[in-house]
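Following: one structure in structure tokens, then a few remarks.
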């Protein structure tokens, strides 16, 4: 490299180097995409495998030799639906429980969050800290006393047991309070001068402005209600009161070895959640991101 | 504790309540009406029960016919082998899942952060397993690990490895490997059961997307000027990652660790659903996947030992509390940059 001043060499380098840089760039992109595709395949393969197997015959499904069904048996879905005695009922239960819980959480959290964000009252800080502290309590600790309370109230096999304990959420209050606080004080001052009451300000200005936070907390509540398992197992005995999670778990025994029917039933049970997720995915992901970072 | 919190407060205009001209500090008593519904529910089902749980844990007997026994339930727990093995399984399970979930989450988030095409689509796909119910996906995974007709053994057969028993295998992985090569190894090297590993793979699969989303949000919050400035000074990719990404991401990483510790110590749904789908047992083969929550649920649901189950729940929550405080004291101090 002694004669760097050689003009021919410099010219060549000038031509080649950007090419190498670009090549390296493309190669880097290629590797990134390869890793990401592998990750996506890893995330998706159980679903693909589930759907393809749910369409196979029993012999083909349990042999696990083919990827796609040789004969597409859509009738498996009808058979699965009929095989689970209470399938429509499980579905209805879960949707009703989740909807009632979400509605309850939104009402109680909006009111409480507004008080903590905008109003002055004695003990505000202490009560808020108490609320945050309840988020630290593991679910297992309150499980047994709550189960005893529900038994004493004779709420076993009653929708109340599946809904009432969950219609308030410290997490949602926290999330909404953070959001409400970011609404400019000027807006409030102007409304007060115009003679607007707190409740009207909340209902007509704060709530419409807080749609993202409300949707996020609704989605979190929906997900945890839809996915809850230990609590519904404890407080339901009669099959017609079961939500879908418990119903599916029970169906494992009932389906016996008919794996293709079991998988068809699972597919039916996950479709609503996947559809809701795909439609509202922006809110799910951004909600998790902001709620998560706020800690 | 989190810098983002203080940042949020710094951006917001200070509440004008104290400075408003001529206004005394006036209380709005109606506020209590606003918080009342939430506090009735949270008080009844989430605050009072904590004290009741402590009380129950000092008792024995059927519901409403308690007999006070002092610390007997706790002594029973600490002197029994089942409690310690469940605690061991819980910690092993946490160690098997947490590091992998976090590292994979960071890896994929960092790659997505490079501004690749289709970032939104990848994000949706990675997060999908987190949304789908645990029971549903556990049924699919239990079948993937089925010894006779599962996909996992099918793949193993293709690459010339003998099929494994996965979810019904209580033997430790260390022992399995040693057996295959004809070695003899000491008991401490037997390792976690293959069944627990299979459940961990499922748990990692499900939780990874959550970490991807959180890390991606954390990465997006790092100001781009930092990278530009460093690049102008001639820093390369590794240096950028080492000296900007890692330290700037520390609060996010801290948050993910705290959440993961709490989450993995409480893990119940994964283990319950997988074992139920595979063998319809609660604790898996020879109880080798029985974590503290599974053990507690067994005592409660199968044996109606309310006092003892409450004692286990309280011990578990004290462990979670201790680890969370430890995280805040030790890790939390390092995230201030």
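List of remarks:
- Flag for residue B:167 being buried (at least 17 other Cβ atoms within 10 Å of the Cβ) and either out of contact with any strand residue (DSSP E or B) (no Cβ under 6 Å at 6 or more places or on another chain) or at the interface with chain A (Cβ under 10 Å from one of its Cβ atoms) (or both): yes
- Filtered by the rule that a residue be within 11 Å of another protein chain (Cβ to nearest Cβ) and part of a loop (DSSP other than H, G, I, E, B), region B:303-321 gives B:304, B:305.
- Yes/no for residue A:159 being at pLDDT 95 or above, within 28 Å of residue A:226 (Cβ to Cβ) and more than 9 Å from chain B (Cβ to nearest Cβ): yes
Here is a yes/no grid of residues against (1) touching a residue at least 12 places away in the same chain (Cβ under 8 Å); (2) touching a helix residue (DSSP H, G or I) at 6+ places or on another chain (Cβ under 7 Å); (3) loosely packed, with under 13 Cβ neighbours inside 10 Å; (4) closer than 20 Å to residue B:134 by Cα:
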{"position": "A:45", "(1), (2), (3), (4)": "no, no, no, yes"}
{"position": "A:50", "(1), (2), (3), (4)": "yes, yes, no, yes"}
{"position": "A:58", "(1), (2), (3), (4)": "yes, yes, no, no"}
{"position": "A:64", "(1), (2), (3), (4)": "no, yes, no, no"}
{"position": "A:78", "(1), (2), (3), (4)": "no, no, yes, no"}
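- Members of region B:26-62 that are assigned to a helix (DSSP H, G or I), more than 7 Å from chain A (Cβ to nearest Cβ) and within 17 Å of residue A:150 (Cα to Cα): B:40, B:43, B:44, B:48, B:51
- Within the option set B:289, B:293, B:253, being within 30 Å of residue B:164 (Cα to Cα), away from chain A (no Cβ under 11 Å) and under 23 Å from the mean Cα position of the chain (by Cα) holds for one residue only, B:289.
- On the stretch given as region A:101-158, residues that are closer than 27 Å to residue B:301 by Cβ, in contact (Cβ under 8 Å) with a residue 60 or more places away in the chain and assigned to a loop (DSSP other than H, G, I, E, B) total 4.
- Meets criteria (surrounded by 15 or more Cβ atoms within 10 Å (Cβ to Cβ), in contact (Cβ under 8 Å) with a residue 40 or more places away in the chain, within 14 Å of chain A (Cβ to nearest Cβ) and more than 29 Å from residue B:168 (Cβ to Cβ)) for residue B:241: no
- Qualifying residue in region A:43-59 (condition: within 12 Å of another protein chain (Cβ to nearest Cβ) and assigned to a loop (DSSP other than H, G, I, E, B)): yes
- Any hit, region A:11-34, residues being over 30 Å from residue B:115 (Cβ atoms) and either part of a helix (DSSP H, G or I) or more than 30 Å from the chain's Cα centre (by Cα) (or both): yes
- Screening region A:166-220 for helices (runs of 4 or more DSSP H) wholly inside it with 2 or more residues that are exposed (fewer than 14 other Cβ atoms within 10 Å of the Cβ) and out of contact with any strand residue (DSSP E or B) (no Cβ under 8 Å at 6 or more places or on another chain) returns the ranges A:185-193, A:198-201.
- Helices (runs of 4 or more DSSP H) wholly inside region B:188-302 containing at least 1 residues that are in contact with a helix residue (DSSP H, G or I) (Cβ under 9 Å, 6 or more places away or on another chain) and more than 30 Å from residue B:143 (Cβ to Cβ): B:194-220, B:224-232, B:237-240, B:250-265
- Of all residues in region B:64-78, those being at negative phi and surrounded by fewer than 15 Cβ atoms within 10 Å (Cβ to Cβ) number 6.
- Within the set B:127, B:108, the sole residue that is at the interface with chain A (Cβ under 8 Å from one of its Cβ atoms), modelled with pLDDT of 95 or more and either over 27 Å from residue B:284 (Cα atoms) or not in a helix (DSSP H, G or I) (or both) turns out to be B:108.
- Of A:233, A:244, A:215, A:259, all but one fail to be more than 27 Å from residue A:74 (Cβ to Cβ), in contact with a helix residue (DSSP H, G or I) (Cβ under 7 Å, 6 or more places away or on another chain) and at the interface with another protein chain (Cβ under 10 Å from one of its Cβ atoms); the exception is A:233.
- Qualifying residue in region A:249-272 (condition: in the same structural domain as residue A:170 (by TED's automatic domain parsing) and at pLDDT 90 or above): no
- Positions within region B:212-225 being more than 10 Å from every other protein chain (Cβ to nearest Cβ) and surrounded by 15 or more Cβ atoms within 10 Å (Cβ to Cβ), in sequence order: B:219, B:222
The values are calculated or read from the model by the stated rules, or taken from the named source; none is laboratory data. Only a predicted model underlies this, so the values are computations on that prediction, with no experimental measurement involved. Don't worry about glycine lacking a Cβ; one is built from the backbone with ideal geometry, like all the others, and counts go over all protein chains shown.
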